[in-house]
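The values are calculated or read from the model by the stated rules, or taken from the named source; none is laboratory data. Nothing here was measured: the structure is a model prediction, and the numbers come from that model. Cβ coordinates were reconstructed from backbone atoms using ideal geometry, including for glycine residues, and neighbour counts include every protein chain displayed.
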Amino acid sequence: MYRLIDTHAHLEEIADLEQVVADAKAAGLTAIIAMTDMASHARTLEIAACYPDLVYPAFGWHPWDIKEPEIDANLAFIRGNITRAMAVGEVGLDYHKRVRAKADKDLQKRVLRELLKIAKEHDKPACIHSRYAWRDAFDLVREAGLTKAVFHWYTGTSSVLRDIIDNGYHISVTPAVEYHEEHRRAVKETPLSQLLLETDSPVVYARGREGEFEARPSDVLRSLRGAASLKGVSEEEIAEATTENAKRFFGI
């Protein structure tokens, strides 16, 4: 059994959490980084208190949920509680038309700049969502002067990926590595020293396809196996490298 870390999960959205945690431990997980949003900070802190030395919270504000009237209060909360978190996340930009209809590009950028400023001031790594906004998200991370950032579930262009790699940032491998060609390409092109594993639980993978499933942290094994196959190395080598990468990245 390998020692593994799921670097991106939304545990507050999982109903059968006690069984899910037991399954995660049985699969070899030694840590789960629990992403939060403004509505889930309190619940995630409760979960972390129930599972010390396994669940570690990150504080963020997902671009899907940004509302201008809430900016001051939400940023103040994160600033006031950031020492209780391992990272700033999940944060970022999302340029899908449905998201931009609720929070336009300028609003998303304004919020992300403030969140990255918090990460920089408190020396926290940042977990970045960048759907259809790969260049802008990278540019804002670099401008903020962060030394540690992971571009979660990266499916963007190779040109931005090269900049991510050249700046020492990471990308994370999800179970979508089994079928998503852009994600597979990104995993294949990224050095093993800059890869992390994650599940984004409880997101549904292969939606509408044969084999559709709702992820749990134990499915980090699928990320592991997919990465090993693409990189042409053993599962053991992927497990050892990504776990050490995650420990250094988050300071676990």
Q. So, of the residues in region 84-115 that are among the small types (Gly, Ala, Ser) and surrounded by 17 or more Cβ atoms within 10 Å (Cβ to Cβ), which turns out to be nearest to the chain's Cα centre (by Cα)?
A. Gly89
Q: Could you please give the count of residues in region 194-211 that are surrounded by 19 or more Cβ atoms within 10 Å (Cβ to Cβ) and small (Gly, Ala, Ser)?
A: 1
Q: Would you please name the residue that is surrounded by the fewest Cβ atoms within 10 Å (Cβ to Cβ), looking only at residues in region 212-248 that are small (Gly, Ala, Ser), touching a residue at least 40 places away in the same chain (Cβ under 8 Å) and under 25 Å from Lys148 (Cα atoms)?
A: Ala241
Q) Of the numbered conditions (1) part of a loop (DSSP other than H, G, I, E, B); (2) touching a residue at least 12 places away in the same chain (Cβ under 8 Å); (3) within 19 Å of His96 (Cβ to Cβ), Thr199 satisfies every one except a single condition; which is it? A) (3)
Q: Restricting attention to region 138-194, report how many residues are more than 18 Å from the chain's Cα centre (by Cα) and either modelled with pLDDT under 95 or hydrophobic (A, V, I, L, M, F, W, C) (or both).
A: 1
Q.
For region 55-82, give me the residue count where each residue is surrounded by fewer than 21 Cβ atoms within 10 Å (Cβ to Cβ) and farther than 22 Å from Tyr95 by Cα.
A. 8
Q.
Take the residues in region 15-35 that are outside any helix (DSSP H, G or I) and small (Gly, Ala, Ser); name whichever of them is surrounded by the most Cβ atoms within 10 Å (Cβ to Cβ).
A. Ala34
